[in-house]
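Enquirer: Got a structure here, written out as C-alpha cells. Questions coming.
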Amino acid sequence: MIRLDEVSKQHGQQILFMDAGMTVFRGEKVGLVGPNGSGKSTIFRMIVREEAPDGGQVMIDKNTTIGYFSQDVGEMTGRSVLAETMAGAGEVSGAMAKLQELEAAMADPDRLDEIDQLVEQFGEAQSRFEELGGYALEARAREILAGLGFRPEVVEKDVGELSGGWKMRVALARILLMQPDALLLDEPTNHLDIESIIWLERFLRGYEGGLLMTSHDREFLNRLVTKIVEIDGGELTTFSGNYDFYERQRAVLAEQAEAQFARQQAMLAKEQAFIARFKARASHAAQVQSRVKKLEKIEKVEPPRRRRVIEFDFKAPDRSGEDVAKLEGVRKAYGSKVIYDKLDLLIRRRERWCIMGINGAGKSTLLKLITSHTTPDAGAVSVGASVKMGYFAQHSMDLLDGERSVLESLQASFPFATLGTLRNLAGAFGFSGDDVEKTCRILSGGEKARLVLAQMLYDPPNFLVLDEPTNHLDMTTKETLMKALADFEGTMLFVSHDRNFLGALSNRVLEVSSDGIRSYGGGYKEYVAATGREAPGVG
C-alpha cells in the first residue's frame, strides 16, 4: 500500500535517512517511533508529496486515498464546526457542495430557462451523493465530533471561535470522516482528554485501512499497533508487535550488539598484543605478518549507539504536616453552571490523588481552588502546616520570558545558585551543551514544559499540584519524569490523560461527575477494576 524503498533524505547538514525502507500494508496498524527531530514528520510529508526524497522512492498503490493529520492545522474560520468537519470528507464533500450549488441555481428566477438542464444535473449529482453515502454524512460527522468531546451546542458554533487545541480536534474529525484508504496520524492524542483518547482508540481499532501513526502515549500504541518502525541514526528498523514488545526486543538487540562489540575488542586487543610482543623476533615474523593481514581484513564492529538517558534527580523536600490541604463546604459556580456545591475533601501527607472527570467537570477548577488561583463562592480552602506548594498549569509555559535563554530563565529563578549548578540542572532536564542558550521563544512545547518542571523541582515543594504535566513530553522524558515522581516523598494532586502516568503514580482517585463527587481508595488501576471503566462517561 505504502512503501519507502532505499530512501535518503537530508535537512541541511543533518542526514535523516540513508537507504532506508519500510512498508505499510492494508489493514496494518503501524507505530512510527524515534527521538524528537529524527524525521518522523518528514516521513509523513514524503508520503503525501509535501517533500521529496533526495534518493530512493516513496511508492503508493494506485488510487489509494490518504488522510493526513498533522499538528499544523492552518486557518479555520467562517464555517460552523459541523460544516468545517464535513468539508474535509473527500469526494463526498465535493458532491455535497455540487448539490448545494445546483439547489441555489434552481431557486434563482434568472435561470428559469435552464431549469430542465439543472434538474437533470441535480438528479445525477444526487445519485452520486447517495452512492457515496452522503445522506449519512452529517450523522457520522456528529458522531465523530461527539466522540472527540464536542458538546451538541458547540457543533453549530463558528469554528473560528475555538482554541487551538479544539481546532486540532476538528482537523482530526475531518480526517476520520474522510474514511481514506490510509491514515497518517502525527500525535493524534496530544490535545485529547482521556475519554476522547479511549473513543479514538475504539474507532481506529475498527478502521480497515492502513494506519501509520506517531504517539507519545504508550498505552494508546500498545492497544492499537501490530508493528513498530523505529528511526535511529538514519536507519528504519521494523519490529513486529506493540510498543512494549519493541522495547523488550530493542533491549535484547542492544545487549547483543554490546556483547558482539566487546568480543571483537577483546580479540583485537589479544592479536595486537601478540603482534607487539613478537614483531621484533625473526622466528615469529611469518606469524606476525599473518596476524597483521588478518586484522586488516576484519570488518570492524561499530561501537553500539547509546541513547542519552536524562535523569531527573532532585533532592528530597522538607516534610509537611499530616494534613496537606482541606476543602470544607466549598461551592464554585460559573454563571448558572454549578461546578462544586458543599465539597469536602482532605488531602493527607504522601497521598497521590488523581482527578478523573469528563471535559468541563471541574478538574482544573479544583486545582485552582487549592492553589488559590481562584476563590470559592462559599466554604473554605486551607493549606496545612509547613506545606510548600508547586503548581504546574498549562498556562505556566506561556509565562516564560520569550527573550530569555534557558540558562537566563533558571538564573532569574535561582539568583544565588552557581552557574555550574544551573547547568547541571538544565542538563538533568534535557538541555545539554548549547541548548541552554536557546531563547524561550523558539522552544518546542516539550522543551518549555521541561524548563518549567526544572524551575519547579530544583528546590522541591512537598506538595505537587500538576495539571496535565506530560502533555508535550516525548515518551523518554515522560518515563524519566514518572520514575523521578515515583520516588517523590511529598504529596501529589494531579490531572492527566495518560493512563500509564495515572496507573504508575496515583494511590487515590477523585471522580468528578454530574452525579457528584466520589473518592476511591487505591490508585487508577484499582479504580478501573472497581468501576469497570477507564474514565467517567466511558462504558
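What follows draws every value from the coordinates through simple rules; no lab data is involved. All values derive from a computational prediction rather than experimental measurement. For neighbour counting, all protein chains shown are included, and Cβ atoms are generated from backbone atoms with ideal geometry for every residue, glycine included.
Enquirer: How compact and how long is the chain, expressed as Rg and Dmax of its alpha-carbon atoms in Å?
Expert: Just the Cα atoms of the chain yield Rg and Dmax of 28.8, 112 Å.
Enquirer: Taking the Cα of residue 100, stepping 7 Å toward and past its beta carbon, and measuring to each backbone N in the range 57-83: which are under 18 Å?
Expert: Residues passing the 18 Å test: 75-83.
Enquirer: For the chain, what is the mean residue ellipticity at 222 nm derived from helices alone (per DSSP H run of n ≥ 4: -39500 (n - 2.57); sum divided by total residues; nearest 500 deg cm²/dmol)?
Expert: -12000 deg cm²/dmol
Enquirer: Follow-up. Can you run phi through the Karplus equation (6.51, -1.76, 1.60; θ = phi - 60°) for the range 252-265 and list ³J(HN,Hα) in whole Hz, with x for Gly and Pro?
Expert: For the range 252-265, the Karplus curve yields 5, 5, 5, 5, 5, 5, 4, 5, 5, 5, 5, 4, 5, 4 Hz.
Enquirer: Rank the residues 128, 352, 263 as a footprinting-exposure proxy: fewest other Cβ atoms within 10 Å of their Cβ go first.
Expert: The fewest-first ordering by Cβ neighbours comes to 263, 128, 352.
Enquirer: Report relative contact order for the chain in percent, whole number only (criteria: Cα-Cα under 8 Å, sequence separation at least 6).
Expert: Over the chain, the number comes to 14 percent.
Enquirer: Mind checking which lysines have their C-alpha under 18 Å from residue 9, skipping anything on the same chain fewer than 8 residues away?
Expert: 40
Enquirer: Right, here's the next one. With a ≥ b ≥ c taken as the square roots of the eigenvalues of the C-alpha gyration tensor of the range 55-164, please select rounded if a/c is under 1.5 and otherwise prolate if a/b is larger than b/c or oblate if it is not?
Expert: Judged from the Cα gyration tensor, the range 55-164 comes out oblate (a/c at least 1.5, b/c at or above a/b).
Enquirer: So, one more: Considering only 89, 190, 458, whose Cα is most displaced toward the positive end of the charge dipole of the chain, charges sitting on Cβ of Lys, Arg (+1) and Asp, Glu (-1)?
Expert: Of the options given, the answer is 458.
Enquirer: Can you pick out the pairs among 326/363; 315/388; 368/525; 332/525 whose Cα atoms lie more than 18 Å from each other?
Expert: Check vs 18 Å cut-off fails for 368/525; 332/525.
Enquirer: Okay, next question. When the chain is fully extended, how far beyond the present Cα-Cα distance does residue 108 get from residue 418, taking 0.36 nm per residue of separation?
Expert: Roughly 103.9 nm would be gained on extension.
Enquirer: With a 10 Å Cβ neighbour count serving as the proxy for reagent exposure, in which order, fewest first, do 408, 219 appear?
Expert: Fewest to most other Cβ atoms nearby, the residues stand as 408, 219.
Enquirer: Using only the Cα atoms of the range 191-234, build the gyration tensor, take square roots of its eigenvalues as a ≥ b ≥ c, and label the shape rounded, prolate or oblate: rounded if a/c is under 1.5, else prolate if a/b is larger than b/c, else oblate.
Expert: Oblate shape, in that a/c is at least 1.5 and b/c is the bigger or equal ratio.
Enquirer: Show which aspartates and glutamates lie in cross-link reach of residue 483 when reach means a straight Cα distance below 15 angstrom and same-chain residues fewer than eight apart are skipped.
Expert: 311, 313, 474, 498
Enquirer: Ok, one more. Assign one of three labels to the range 53-98, namely rounded, prolate or oblate, based on the Cα gyration tensor with a ≥ b ≥ c the square roots of its eigenvalues; rounded applies when a/c is under 1.5, prolate when it is not and a/b is larger than b/c, and oblate otherwise.
Expert: The shape class here is oblate.
Enquirer: What list do you get for 207, 243, 527 if you sort them by fewest beta carbons within 10 Å?
Expert: The fewest-first ordering by Cβ neighbours comes to 207, 243, 527.
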